[in-house]
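K.L.:
This structure is in C-alpha cells; I'll ask about it shortly.
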Amino acid sequence: MFRIIDGGYVVQSQSSSINWEQTFREYIPRIYNFFLYRLCNRMVAEDLTAATFERAWKSHRRYRENLGAFSTWIFTIAQRVMADHFRREHHEISLDVIELFIDTETSVEDASQHQQNLAHLRKLLYMLPPRDQELIALRYGAELTSRQIAQLTNLSETNVNTILSRAIQKLRKSLEVTL
Amino acid sequence: MNHEQFLHQFRESPRQEMVERIIENTVLKAPSEKKQLIHFTNSWKRIAAIFVVGSICSLILFTSPEVRAQIDNTLRRISGILVLTTQILPEESFSTPQAIMLNNTISIEQAQSFVPFKLPTLLPANYEIAPYILDWSILVVAAEPDPVFQIRWINDDHEVISLITSIDNTNYDPDIQLNLGEDNYAREVLVNRQPALLYNGSWEANQEYDPSSGIRLIWTHNGIFYSLFASDLEDVEIISIAESIE
C-alpha cells in the first residue's frame, strides 16, 4: 500500500511500523564508534553522527523494511556522510591531533600507560590503507558482521574476513614491536 | 586477550547529551507551523507560476499570427496534423476580383518590368499563361495610382492558377475577417516565413462564394498584396508557388 507524503514522495506505509526513537538510540553508539574508529576524533565523530541521523530522518519515509536491513540503510548513509566529510576536509588529519582515548575505569597509575597504548594504536590504525581502516571501523566500531560489511562494501564475505585478518595481524605485530 | 580483543578497547559510549540532541532534532522534531506554512506557500507559488506562464503563452498564441502560423507550420511538417484553425466570421469583406474595374491593359513583359516583384518561377507542369481578355495575358486594373495585376495560367484540363497583386492598401492582417460564409475556414500558413492565410473556395461569376472551388492564398510582402488562386492544387503546392515569387 502506497501513499503520498510531503515533498511528493511515494512511500510504503509499512515504514511507520518502525519505532524510530528506539532504533535511533540503538544505532547511535554504533554509528558514533564507526566514525570514531575511522576518523580518530571525538568531535568530528559526534558531528558526523548527528549529520547521519539528520539525513536519515529526512528520508526515513522512503525507507522500506522489505528492501533491506536497517543497519545496511543507516550505514550506507553514514558512509556517504563520511565521503562528504573527506571531500570537504581532504582527509588531512595530522597524527599529532589524534585524540587520546581515556578509559575512565582504569586506575590513575594505569591511565597514563593505557592512554599511551591507545594513542599508539590509533596511530597504527591511521597508517593502515583506507580500505582496511574502513573494514576495521565497520567490524569493531560499528560491530557489524562480516556479511553485513560485505553488503556495504561490495566485497565477498571471504574477502572481508581475509582483509580483516591480515590487518589485525599487522596491527598486533606493530603493537608488540613498539610496546 | 585474543588476537582481536584489543581492537574492542577503543569503543566508547557516546555522550548522552549528544544522543538526546540527535533524538530531539530528528524523531521528536515535529514539523513546525512555519515549515508547514512554507510548504503551503511554496505550493501556491508553484500554482501561481504555472498560471502566469500559461497565461503568457496563451496571450502570445492568441494575439500573434506569426506564432500561430509557425506552430501550424511546424506541426504540419512533423505530423501533417493541423491543430490551429482560424474560424472566419462573415462580417467584413475585402475587394474581390469582381469588384475591380478594368481600366487599362499591358503586355506581360511590360508588367514584369513595371511591378516591383518577379512573377512566380515555380509552376506545375503543363500550366501556361492563358489569354485573359482578348490576347492579353495580364489584366491590369485601376492603373492609377495603384495598379492591380492579374495573371492566369491554365493547363490542358482547364485547371487554373491565377495571381492578383496590388499595392497593399488593405492593411491586410492575417486576422482579417473574410466574407467566406459560416461553413468555411481559413488556416494560417507561412510564405517565406511570413504569415499568410490559406482558405478554400472562390467567388463565382455570379459573385456567389463557392467553398468547393479551389484554394486561395493571400499574403503581403514589401507592401504588395498577393492573392494566389489554384483550382486544383494542394496546400503545399500553392505555398511553393507563392514562395517562388520574389
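K.L.:
Name the pairs: first residue in the range A:137-156 and over 15 Å from A:A69 (Cβ atoms) and within 12 Å of chain B (Cβ to nearest Cβ), second residue open to solvent by less than 70 Å² (accessible area, probe 1.4 Å) and basic (K, R), Cβ to Cβ under 6 Å, at least 6 apart or on different chains?
P.N.:
If the second residue must be open to solvent by less than 70 Å² (accessible area, probe 1.4 Å) and basic (K, R), the pairs left are A:A137/A:R38.
K.L.:
Scanning for something open to solvent by 70 Å² or more (accessible area, probe 1.4 Å), modelled with pLDDT under 90 and among the hydrophobic types (A, V, I, L, M, F, W, C), does the range A:123-132 turn up at least one residue?
P.N.:
Yes, the range A:123-132 contains at least one residue that is open to solvent by 70 Å² or more (accessible area, probe 1.4 Å), modelled with pLDDT under 90 and among the hydrophobic types (A, V, I, L, M, F, W, C).
Let's see how each residue does on (1) facing chain A (nearest Cβ under 8 Å); (2) modelled with pLDDT of 80 or more; (3) part of a helix (DSSP H, G or I); (4) under 30 Å from A:D132 (Cα atoms):
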{"residue": "B:H3", "(1), (2), (3), (4)": "yes, no, no, yes"}
{"residue": "B:F40", "(1), (2), (3), (4)": "no, no, yes, no"}
{"residue": "B:K45", "(1), (2), (3), (4)": "no, yes, yes, no"}
{"residue": "B:S58", "(1), (2), (3), (4)": "no, yes, yes, no"}
{"residue": "B:L61", "(1), (2), (3), (4)": "no, no, yes, no"}
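Rundown of residues vs (1) assigned to a helix (DSSP H, G or I); (2) at pLDDT below 80; (3) within 11 Å of another protein chain (Cβ to nearest Cβ); (4) surrounded by 14 or more Cβ atoms within 10 Å (Cβ to Cβ), yes/no style:
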position: A:S16; (1), (2), (3), (4): yes, yes, no, no
position: A:T23; (1), (2), (3), (4): yes, no, yes, yes
position: A:E26; (1), (2), (3), (4): yes, no, yes, no
position: A:P29; (1), (2), (3), (4): yes, no, yes, yes
position: A:Y32; (1), (2), (3), (4): yes, no, yes, yes
position: A:Y37; (1), (2), (3), (4): yes, no, yes, yes
position: A:V44; (1), (2), (3), (4): yes, no, no, yes
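K.L.:
Can you tell me how many residues within the range A:49-72 are open to solvent by less than 10 Å² (accessible area, probe 1.4 Å) and more than 8 Å from chain B (Cβ to nearest Cβ)?
P.N.:
Step one: filter the range A:49-72 for residues open to solvent by less than 10 Å² (accessible area, probe 1.4 Å), giving A:49, A:52-53, A:56, A:71.
Checking the rest, the ones that are also more than 8 Å from chain B (Cβ to nearest Cβ) come to A:52, A:71.
The qualifying residues number 2.
K.L.:
Here is a further query. Please verify whether B:G181 is at pLDDT below 80 and surrounded by 17 or more Cβ atoms within 10 Å (Cβ to Cβ), treating the condition exactly as stated.
P.N.:
Details: at pLDDT below 80: yes; surrounded by 17 or more Cβ atoms within 10 Å (Cβ to Cβ): no.
Spelling it out, it is not the case that B:G181 is at pLDDT below 80 and surrounded by 17 or more Cβ atoms within 10 Å (Cβ to Cβ).
The values are calculated or read from the model by the stated rules, or taken from the named source; none is laboratory data. Values in this document were obtained by computation on a predicted structure and should not be read as measured data. Please note: Cβ atoms are built from the backbone with ideal geometry, for glycine as well, and neighbour counts cover all protein chains shown. Calculation scope for accessible area: heavy atoms of the full protein, side chains included, ligands and nucleic acids excluded. Shrake-Rupley method; radii C 1.70, N 1.55, O 1.52, S 1.80 Å.
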